[in-house]
1. Quick one: pull the percentage of alpha-carbon pairs in the range 88-225 with a separation above 25 Å.
2. So what are the radius of gyration and Dmax for the Cα set of the range 285-436, in Å?
3. Taking only the alpha-carbon positions of the range 334-390 and ignoring solvent, what does the Debye formula give for the base-10 log of I(q)/I(0) at q = 0.13, 0.15, 0.28, 0.31 Å⁻¹?
4. Once every DSSP H run of n ≥ 4 in the chain is given -39500 (n - 2.57) and the sum is divided by its residues, what mean residue ellipticity at 222 nm do you get, rounded to the nearest 500 deg cm²/dmol?
5. Rank by packing, highest mean first: peptides 105-117, 350-362, with packing defined as the count of other Cβ atoms within 10 Å averaged across residues.
6. If I stretch the segment between LEU289 and VAL445 completely, what's the gain in nm (0.36 nm per residue apart, minus their alpha carbon distance), one decimal?
7. Between GLU458 and PHE49, what is 0.36 nm times their sequence separation minus the Cα-Cα distance? Round to one decimal in nm.
8. Amide H of ILE143: which non-local residues (sequence gap of 5 or more, or other chain) have their own amide H closer than 5 Å, using H built in the peptide plane?
Amino acid sequence: MDWLAKISPYWPHLVAGFELLAVLLASAHALLNKRDSRAAALWLGLIWFLPVFGPLLYLALGVNRIRRRALELGVHDTLKRPIPANLGESQPAGVEHLQMLARIVDRVSAQALTPGNQIQPLVNGDEAFPAMLAAIESAQKSIALATYIFDNDPSGKQFVDALGRAVARGVAVRVLIDAAGVRYSWPPISYKLHHARVPFAKFLPTSLFTPWRVATINLRDHRKILVVDGQTAFTGGMNIRHGNVLANRPKHGVQDLHFRIVGPVVTQLQEAFVNDWAFVTREKLTGDLWFPELKECGDVVARAITDGPDADYDKLRWTLLVALSEAQESVQIVTPYFLPDSALVTALNLAALRGVRIDIILPAKNNLPFVHWASRAMWWQVLERGCHIWLTPPPFDHSKLMIIDGHWVFLGSANWDARSLRLNFELNVEAYGREFADAMAGIAVKKMQGAHEVTQAEVDARSHPAKLRDAIARLFSPYL
């Protein structure tokens, strides 16, 4: 064609012009939007010194494009209520300082603290899966299920069969699976869900055929929510995988914690699911079918806290920081991935210097060796100020739990790493109550009883090649 022949001499100039424009736009976005100056400098280096690939990498991994869309699709509006007197305790002694924690999180979170809840821990898939399946089988009106991983294995098939039977008897069912998590098994469980006529959707799907979605490839829905009839909820850190049932693989399975919740706070977990479902499908779930009136039925004061790269950005991190600042006696942390940023490291160390007992419980053998190396490279930063690190023996422990002063519990899907606190969509529940906190502290103590305590001398005694390997892994900790 004549016009192609005319412009062909100018192709190199046109390509160079588009490349320069992409570099300038990506650089401007990084300068204006990155809160950490070191991250901005790193991205600028990649953008300018990797032609073509630098701006593309920034588009895929550096741009938060969910924030504007999620704000447009908000579907709930919660009126704040006063914080319950004495945080639900009949004796206020020992909980006065936690009133400040409750007040600050009240300003951070969109949700209100709700009294009158019951929270029951479910240890491993051996306890959690039968309870969840029984709730699905008993459903009469609605089922909302969100998970990161939904494997096509014996446990996954049990859930599909139960959901299919619920659909057949007229229950309104909605299932939301992360588009990356659904690919952890092959063929994916979506084929069985479709065959069982279970309505489902994938969160932020990407493929070679949808290159315009490259900016969301690093943003995943890590929340685990099951709400049945709007009255009973399950949440925690457990995916739907057969490996969570330790009776099947006692030495090579995955330990985890999940929780059964009843009471007014269930509405907040349902709202989190409904908001995510509306974001993905634009279907808004409303009315008594999904939001029945709930009565108080326990003594735990609780609140759901959502976090993600949208309007909820940094809420979990702020909650962790204020919880550590208010702790007076003890902090127990159970997490599979421990890669805190400098602010959280400082908060842990300040609490230890104030005389607070800090116990950090990690798996001795991680399912992600690179993460374990990066974590080990920074243990000295908390050990030298008096924090205690415990390594639990196999099988790998995926549990996520935090207890403050034997009264405040933080449970849910989030880990202590940048992926959970900056990139993923997460859901945690803060709970106030001595009896429940004592039970959770008992779980943490039981883990420590069979664990090995790491010493500063032990960390210092690593070989030079191991130290170098760990240090290199730590460089990538913001992206792990």
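1. Cα-Cα pairs of the range 88-225 separated by over 25 Å account for 45 percent.
2. 16.6, 54
3. -0.30, -0.40, -1.22, -1.38
4. Value at 222 nm, helices only, nearest 500: -12000 deg cm²/dmol.
5. Highest mean packing first, the order is 105-117, 350-362.
6. Answer, rounded to one decimal: 52.1 nm.
7. Value of the extension gain: 143.2 nm.
8. Close amide H contacts, sequence-distant or interchain: ALA172, VAL173, ARG174, ASP229.
The values are calculated or read from the model by the stated rules, or taken from the named source; none is laboratory data. Treat the numbers as computed from the prediction; the structure is a model and nothing was measured. Cβ: placed from backbone, ideal geometry, glycine included. Neighbour counts: every protein chain shown. When the accessible area is computed, the model is the full protein with side chains, heavy atoms only, and any ligands, DNA or RNA have been set aside. Shrake-Rupley method; radii C 1.70, N 1.55, O 1.52, S 1.80 Å.
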